[in-house]
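Here the structure comes first, spelled out in structure tokens, and everything after it is commentary.
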Amino acid sequence: MTEDESKKIRVELDHEQKVLRLGCWFYDLKGVLIAEATDEDKEKYHCGKFMTYPIVDDDWEVREDDCIKDGIADLVVGKKGETVPLSKLQDVLDLNAEERSGDYSDILVDVERHGISVSNRMQDNPQEELPETIFLEIYRIRNTDTFSIYSYEDGYYIPRRDCHVGKDGKLYQGTKENENENSQYRQIVYQIAEDVNCISWFFNKKNLRVRCLRARYHDESQNDDLSIPDDWHIAIKTLEDDINSEIAQMREEYADDYFHGKRPIV
């Protein structure tokens, strides 16, 4: 520990080889810098008298990202050499789906590059892999043509997305139209198919597919019918087939690249 009382700054080193998430990417945590908070810091981070900043990577950069305002404990993914379940990365995968900082596989590769393995095993039964059918629950928002789509917790994780039906009848990310409405990259079918394709490559699971169901209400039993209702928009009713067709098309179109860049089985 070093300390400079005149500047009210203290540096505490971390020797546990922790890996920290900042935004959509991962960093080696070297330590923290604790400094007396300025009025600007207190307004930005809602902190008290002192503010703690992470020091990361070999260049020992002090980071001031907005995400540290609630502290850095929840941003620690694990330690080098550990294995974490895919579900551990839900927050960063959701953020990446919103910000499009990279592909789903870029997130997995980045955390692996920092020495943490990502597991596709069941949390309650490590001997069993996650099922190859990815169940997506769809919730209709206030009887409109806007929807929330999220995956089952005990399967391969697909980031949660809110979406709406555009003027062309296709599903787009977000609940409102904007000037980039017709962009392929904002189409939900493309986004989810791309996520599944990235998961397929990373975990060597080429038979992954999705199944779409209506979200279960709290008062419903396990025996209730969760089929997509007939009065929902056709884009939702055909979503399952559309995504699986897009997945198949991606694999066929980029078959050589997919197998050439395929990760070794571990």
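The values are calculated or read from the model by the stated rules, or taken from the named source; none is laboratory data. All values reported here derive from a predicted model rather than from experimental measurement. We place every Cβ from the backbone using ideal geometry, glycine too, and count neighbours over all the protein chains shown. Protein only, heavy atoms only, side chains kept; ligands, DNA and RNA dropped before computing areas. Shrake-Rupley method; radii C 1.70, N 1.55, O 1.52, S 1.80 Å.
Computed values, structure above
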item: Total residues in the stretch 5-57, condition out of contact with any Asp or Glu (no Cβ under 9 Å at 6 or more places or on another chain) and over 29 Å from Ala97 (Cα atoms); result: 14
item: Index of the failed condition, Tyr27 passing every other in (1) modelled with pLDDT under 90; (2) assigned to a strand (DSSP E or B); (3) of a type in the set (Ser, Thr, Tyr); result: (1)
item: Residue list for the stretch 141-171, filter: of a type outside the set (Phe, Trp, Tyr), farther than 15 Å from Glu98 by Cα, open to solvent by 20 Å² or more (accessible area, probe 1.4 Å) and free of Cβ contacts under 8 Å to residues at least 24 places away in the same chain; result: Arg142, Asn143, Thr144, Lys167, Asp168
item: Qualifying residue in the stretch 134-143 (condition: of a type outside the set (A, V, I, L, M, F, W, C), more than 16 Å from the chain's Cα centre (by Cα) and closer than 21 Å to Cys198 by Cβ); result: yes
item: Residue list for the stretch 190-241, restricted to those being touching a Cys at 6+ places or on another chain (Cβ under 8 Å) and either more than 25 Å from Glu252 (Cα to Cα) or among the charged types (D, E, K, R) (or both); result: Ile228, Glu240
item: Subset of the stretch 113-124 that is open to solvent by less than 60 Å² (accessible area, probe 1.4 Å) and without any contact (Cβ under 8 Å) to a residue 40 or more places away in the chain - its residue that is farthest from the chain's Cα centre (by Cα); result: Met122
item: Given (1) at negative phi; (2) open to solvent by less than 90 Å² (accessible area, probe 1.4 Å), index of the condition Gly23 fails; result: (1)
item: Failed item, numbered, when Gln184 is tested on (1) surrounded by fewer than 16 Cβ atoms within 10 Å (Cβ to Cβ); (2) out of contact with any helix residue (DSSP H, G or I) (no Cβ under 6 Å at 6 or more places or on another chain); result: (2)
item: Criterion violated by Trp60 - all others in (1) modelled with pLDDT of 95 or more; (2) within 26 Å of the chain's Cα centre (by Cα) satisfied; result: (2)
